[in-house]
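Below is one structure, written out as structure tokens; the observations come after it.
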Amino acid sequence: MDKPVTELNKIDKKAFKAPSIHRKKKLVLVGTPNVGKSVIFNLLTGTYVTVSNYPGTTVEVARGTGKIGQQVYEVIDTPGMYSLFPITEEERVTRTLLLTEKPEIVIHVVDAKNLERMLPLTLQLLEAGLPVILAVNMMDEAEAIGRTIDLDALAKALKIPVVGTAAAQNRGIDELKRMVSDYVRKHVA
Ligand SMILES: Nc1nc2c(ncn2[C@@H]2O[C@H](COP(=O)(O)OP(=O)(O)O)[C@@H](O)[C@H]2O)c(=O)[nH]1
Ligand SMILES: [Mg+2]
């Protein structure tokens, strides 16, 4: 009569002691509207994506799963935000999500054409202690208007990984993935 109970205990303990490598890490995409977050989200995730209202709100958050290197991630696409100090419901949701879900990686996606207007949010995210990688997207459009961006200088100044991407052309995405893997290997146990 004792035996089944013991077996059950064993199973439960095993479930709770699953090694952390099998736990999905979280990767959150943030940035202002129309910078390419959802295009990057689609490139990072597979076909199984769920879109649901954030609890208690009408704000939609998309979640998918993607493998980067050897690690499986829950990838979360957030509504646009201009500031970590929320004015809109979308911003409030994104702020709450960032602070409660404790992602291992936050990718701040910015538009290379309007870089200087978007960097204040990068600084806010860093000040909040979030693990930020900067994806300078729309590099194709920046190049088309003759803008060059010194990504290395930016990375040195911000002391975070910075990658140039043109997501709509699938450019820079492999490098972005490599940076995510490197970051997680270095910073996350
Ligand atoms: N030229 C160019 N267009 C892009 C790039 N990335 C995204 N887009 C386009 O920009 C628009 C907004 O992208 P979306 O991913 O919906 O932005 P989100 O609002 O940040 O999620 C779409 O029409 C995309 O096809 C890029 O790197 N280059
Ligand atoms: Mg979007």
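Laboratory data are not the source of any read-out in this text; all were calculated from the coordinates shown. Since we're looking at a predicted model, the values are computed, not measured. We place every Cβ from the backbone using ideal geometry, glycine too, and count neighbours over all the protein chains shown.
Do we find a residue being of a type in the set (D, E, K, R) and within 14 Å of ligand 2 (Cβ to nearest atom) anywhere in region 64-75?
There is no residue in region 64-75 that is of a type in the set (D, E, K, R) and within 14 Å of ligand 2 (Cβ to nearest atom).
Return the residue satisfying two criteria in turn: it lies in region 157-178 and is touching a strand residue (DSSP E or B) at 6+ places or on another chain (Cβ under 8 Å) and among the hydrophobic types (A, V, I, L, M, F, W, C), and of such residues it is farthest from Phe41 (Cα to Cα).
The residue in question is Leu158.
Can you pull out the residues in region 72-83 that are closer than 27 Å to Arg185 by Cβ and crowded, with 18+ Cβ neighbours inside 10 Å?
Scanning region 72-83 gives Tyr73, Glu74, Val75, Ile76, Asp77, Thr78.
Cβ-Cβ under 6 Å, sequence separation 6+ or interchain: first residue in region 28-54 and under 18 Å from Ile105 (Cα atoms), partner hydroxyl-bearing (Ser, Thr, Tyr) and more than 13 Å from ligand 1 (Cβ to nearest atom). Which pairs?
none
Answer yes or no as to whether Ile149 is part of a strand (DSSP E or B) and in contact (Cβ under 8 Å) with a residue 24 or more places away in the chain. Steps first, please.
Values: part of a strand (DSSP E or B): no; in contact (Cβ under 8 Å) with a residue 24 or more places away in the chain: yes.
Judged against the criteria, Ile149 is not a match.
Please indicate, with yes or no, whether at least one residue in region 117-125 is crowded, with 19+ Cβ neighbours inside 10 Å, among the β-branched types (Val, Ile, Thr) and in contact with a Phe, Trp or Tyr (Cβ under 8 Å, 6 or more places away or on another chain).
no
Could you please find all residues in region 40-54 being within 12 Å of ligand 2 (Cβ to nearest atom) and buried (at least 21 other Cβ atoms within 10 Å of the Cβ)?
Once the filter is applied, which keeps residues that are within 12 Å of ligand 2 (Cβ to nearest atom) and buried (at least 21 other Cβ atoms within 10 Å of the Cβ), region 40-54 yields Ile40, Phe41.
Taking region 132-146 only, how many residues are in a loop (DSSP other than H, G, I, E, B) and buried (at least 23 other Cβ atoms within 10 Å of the Cβ)?
Selection size over region 132-146: 1.
Look at Gly129 and say whether it is out of contact with any helix residue (DSSP H, G or I) (no Cβ under 8 Å at 6 or more places or on another chain), away from ligand 1 (no atom under 16 Å from the Cβ) and in a loop (DSSP other than H, G, I, E, B). Quick ask: steps written out before the conclusion?
Values: out of contact with any helix residue (DSSP H, G or I) (no Cβ under 8 Å at 6 or more places or on another chain): yes; away from ligand 1 (no atom under 16 Å from the Cβ): yes; in a loop (DSSP other than H, G, I, E, B): yes.
For Gly129, the condition - out of contact with any helix residue (DSSP H, G or I) (no Cβ under 8 Å at 6 or more places or on another chain), away from ligand 1 (no atom under 16 Å from the Cβ) and in a loop (DSSP other than H, G, I, E, B) - is met.
Would you call Leu99 more than 26 Å from Gly69 (Cβ to Cβ), in contact with a strand residue (DSSP E or B) (Cβ under 9 Å, 6 or more places away or on another chain) and more than 16 Å from ligand 1 (Cβ to nearest atom)?
Criteria not met by Leu99.
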